Amino acid sequence: MAMAALRREGRRFAPSSPPPLLDASALLIEHHVPFGARSISTQVVRNRMKSVKNIQKITKAMKMVAASKLRAIQIRAENSRGLWQPFIALLGDTPSIDVKKNVIVTVSSDKGLCGGINSTSVRLSKGLHKLNSGPDKEPKYVVVGEKAKVQLIRDSRKHIHLTISELTKIPLNYTQVSVLADDIIKNVEFDALKIVFNKFHSVVSFIPTVSTVLSPEVVEREVESGSGKLGELDSYEIEGGSTRGETLQNLAEFQFSCVMFNAVLENACSEMGARMSAMDSSSRNAGEVLDRLTLTYNRTRQAAITTELTEIISGASALEG
Amino acid sequence: MVDMVIVPATRGQLGVLPGHVATIAELKPGIMSVHDGNGVTKYFVSSGFAFVHANSFADLIAVEAVPLDRIDACLVWKGLPEFTQKLKSASTDLEKAEVQIGVDVHSALNSP
């Protein structure tokens, strides 16, 4: 009699859902508890805790790796800033120049998990594209890096002229970038090159920037018009036998490779910095989820123990009673 | 503020003093020297450009620039005859250009 009552009581607990859990652990209710199980299982919570702990460890490790890579590359990026400064001193900076053939070079990373820097670069490139589109001038894209390629290919596939990826497989050096710049100059017709990248200001701040490099013909045109910095180019004597046109040609190519080198380095720095902060917030978040899961786990465990105790005690009192 | 800078331009050595006229000069591989009141610092420059601005500022952009004391003199001394040999045996235009560059660089390094 008592045993039957016990069994009935026991069954009452089985199919009912576990005690109401909070927030993130609410997902656990969907998991199927076998019919007739007497104890509330903590297996599900324990599995989830293990995986969250692993995620926390991995993201923490990724942050350390990014921090060490950042330290190395930051020195190089800051030193490379001196490469393009003389060009600005000589030729000035004309980002708002109106030309027919614009080429937008978007520099981005190959790997993900680096926050929003690639999206900001792509948004800036698209904005530039729209700004410079007109009746007979369509800007073209040259995409460096996988992440921007994926985003741009979705809606601007026909405007992409060239894509380059896996640039950072071997450590960056000037020779590699100059070969790349040479490739671009040979294959793409341009009046103005606009290089979009993330400039590295500090570990937490990366500013999307555009650097403009003009082709020799456009520089010639501006010199003739005599306006702004370029107008004063006339006052410079050209040493050596070459004409100003030839010198400007060499200058433009050299300027492009210097600016590219700096852009790629700065973007790599920004990528490392963004990855550091993304992984940091990820491991912090994993820690919080782990705390909440631990609470749920303890509550579930204690509920199971209490249930067992209640059964035993009520059984005992039924026998006595 | 330095006294004088000598840069290896394509047509020869170019000496720049304060007040020099604004110039753009293309460089060939060679020695660049900075003459200060106290002494001379020499660098080997692989190639690049030199801009002299009207306000007596000079910018030098080089693909590679190495202070001279970092260069091993014996290797330079050995390299020159080696490259001169190779120049005689070079066949294609590309090879000739490469070897000619080697000869230029080594003879420039050998001069001081």
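The values are calculated or read from the model by the stated rules, or taken from the named source; none is laboratory data. Quantities reported herein were computed from a predicted structural model and do not represent experimental measurements. As a convention, Cβ positions derive from the backbone with ideal geometry for all residues, glycine included, and neighbour counts pool all protein chains shown.
Of all residues in region A:247-258, those satisfying the criterion of being facing chain B (nearest Cβ under 9 Å) and surrounded by fewer than 20 Cβ atoms within 10 Å (Cβ to Cβ) are A:247, A:250. Among (1) under 17 Å from residue B:109 (Cβ atoms); (2) at pLDDT below 85, there is one condition residue B:61 misses while meeting the rest; what is its number? Going through the list (1) under 17 Å from residue B:109 (Cβ atoms); (2) at pLDDT below 85, residue B:61 breaks only (1). Of the helices (runs of 4 or more DSSP H) that lie entirely inside region A:146-257, those containing 2 or more residues that are farther than 20 Å from residue B:23 by Cβ and small (Gly, Ala, Ser) span A:146-156, A:174-187.
Take the residues in region A:73-102 that are of a type in the set (Ser, Thr, Tyr) and under 14 Å from residue A:211 (Cα atoms); name whichever of them is surrounded by the fewest Cβ atoms within 10 Å (Cβ to Cβ). Quick ask: steps written out before the conclusion?
Of the residues in region A:73-102, the ones of a type in the set (Ser, Thr, Tyr) are A:80, A:94, A:96.
Next, from what is left, pick out any that are under 14 Å from residue A:211 (Cα atoms): A:94, A:96.
Numbers: A:94: 18, A:96: 7.
So the residue we want is A:96.
A quick yes/no check of all residues on (1) more than 10 Å from the chain's Cα centre (by Cα); (2) of a type outside the set (Lys, Arg); (3) under 23 Å from residue A:259 (Cβ atoms):
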position	(1), (2), (3)
B:36	yes, yes, no
B:59	yes, yes, yes
B:72	yes, yes, no
B:98	yes, yes, no
B:109	no, yes, no
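All conditions but one from (1) modelled with pLDDT of 85 or more; (2) closer than 28 Å to residue B:65 by Cα apply to residue A:171; the one that does not is (1).
Taking first residues from region A:264-283 that are in a helix (DSSP H, G or I) and partners that are surrounded by fewer than 24 Cβ atoms within 10 Å (Cβ to Cβ) and among the charged types (D, E, K, R), the Cβ contacts under 7 Å between residues at least 6 apart in sequence or on separate chains come to A:265/A:76; A:266/A:199; A:272/A:69; A:276/A:63; A:279/A:63; A:280/A:63; A:283/A:60; A:283/A:63. Sub-7 Å Cβ pairs linking a first residue in region A:159-184 that is in contact (Cβ under 8 Å) with a residue 12 or more places away in the chain to a second residue that is among the acidic types (Asp, Glu), at least 6 apart or interchain, are A:159/A:138; A:165/A:110; A:165/A:146; A:166/A:110; A:168/A:110, ordered by first then second residue.
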